[in-house]
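Step one of this worksheet: look at the structure below.
The values are calculated or read from the model by the stated rules, or taken from the named source; none is laboratory data. Here the structure is a predicted model, which is why all the values come from computation and not from measurement. No Cβ is skipped: glycine too gets one built from the backbone with ideal geometry, and neighbour counts run over all protein chains shown.
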Amino acid sequence: MLVNLDSETYPDTYFAGAYWGPRKESPEECARRTAGFLNFLAECDPFLAHWYKPAKSRKDARKHPLMPPDMPMLAEMFRRGVNREKGGPVFEDLGFSFWFDNGGASRDCVALRIHCGGYAEAVSNSCFLSLPSQGSNAERIFTASVLMDVTRSMALAWEPDWAAAMSRTHRDLDDKDGKAEVWLGWVTYLSSHLGKVPPLPAPVRIEPVEDRGSLIILTPERFTVANPEHIALARRVRELLARAGLMRSATS
């Protein structure tokens with residue numbers, strides 16, 4: 001069952017996000033990981049192969065492409081995205097932030113927000129990819145195969161604790177109280193250091209990501225909260241992963 005992306009009664013948007021704890025990295029190291037990720041994304045889908053430096057307008061942005069990745073430019077963008085008080089000192093332990101997109105229009109756009117290099121005790125680093133909400137690019141990208149490739153790319157480039165590709169509606173349902181440490185997406189990556197993924201019921205697939213962790217794909221067709229079978233499957237999989245110690249809430 002497919003989500004009707006144009007529906008006014010059941011709208012949905014998708015994203016992919018990777019998340020990891022404190023990890024001290026320089027702007028150059030963040031740039032290297034970003035460059036690797038952008039190159040991986042370019043192999044996932046043609047719509048993910050074009051990126052531009054932030055600018056006042058889309059016309060101006062297209063004058064400053066980030067592909068092929070320009071390492072000095074990326075490092076400088078991270079360096080400018082350091083956390084600081086206005087007119088005050090830099091908070092190096094809070095890391096660096098960088099936001100940019102692929103120059104698409106409104107709902108047919110992909111945006112990438114990266115926060116990395118943070119090493120303060122409570123810091124969470126992340127790479128968040130906001131996907132197009134409608135149109136032919138969205139329909140092509142919202143498949144298990146493409147989102148598997150995207151999530152795998154995140155795992156290889158960022159070495160996160162976990163990553164997920166899912167709809168925002170599914171996220172809100174999966175994490176109603178906002179206390180989940182890990183979201184269970186249509187496609188989920190779990191690092192091997194979190195533990196071993198147990199056997200899961202069909203049609204769920206488990207695929208290794210080198211020796212780093214595992215991808216969990218709930219269904220071969222598009223996962224949607226409009227399908228009660230999908231919701232029941234997700235709840236069962238979360239239960240099994242929780243028993244294995246892989247899906248803890250903030251209160252557990």
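General remarks:
- Checked against (1) without any contact (Cβ under 8 Å) to a residue 60 or more places away in the chain; (2) in contact with a helix residue (DSSP H, G or I) (Cβ under 6 Å, 6 or more places away or on another chain); (3) not in a helix (DSSP H, G or I), ALA75 meets all criteria but (3).
- Every test in (1) surrounded by fewer than 19 Cβ atoms within 10 Å (Cβ to Cβ); (2) touching an Asp or Glu at 6+ places or on another chain (Cβ under 7 Å); (3) polar (S, T, N, Q) is passed by SER167 save one, and that test is (1).
- Matching entry among GLU207, GLU221, GLU239, GLU181 (being free of Cβ contacts under 8 Å to residues at least 12 places away in the same chain and either under 16 Å from THR143 (Cα atoms) or not aliphatic (A, V, I, L, M) (or both)): GLU239
- Unique residue being farther than 24 Å from LEU194 by Cα and either of a type in the set (Lys, Arg) or modelled with pLDDT of 90 or more (or both) when the list is ALA61, ALA35: ALA35
- Screening the range 101-134 for residues that are crowded, with 22+ Cβ neighbours inside 10 Å and assigned to a strand (DSSP E or B) and picking the one that is farthest from the chain's Cα centre (by Cα) gives CYS116.
- In the range 213-222, of all residues being crowded, with 16+ Cβ neighbours inside 10 Å and modelled with pLDDT of 95 or more, the one that is farthest from the chain's Cα centre (by Cα) corresponds to THR219.
- Residues of the range 86-133 satisfying the condition of being over 16 Å from TRP20 (Cα atoms), touching a residue at least 40 places away in the same chain (Cβ under 8 Å) and of a type in the set (Val, Ile, Thr): VAL110
- Considering residues of the range 156-188 that are of a type outside the set (Lys, Arg) and farther than 24 Å from ARG212 by Cβ only, the residue nearest to the chain's Cα centre (by Cα): SER167
- Of all the criteria given as (1) in contact with a helix residue (DSSP H, G or I) (Cβ under 7 Å, 6 or more places away or on another chain); (2) surrounded by 15 or more Cβ atoms within 10 Å (Cβ to Cβ), the one not satisfied by PRO201 is (2).
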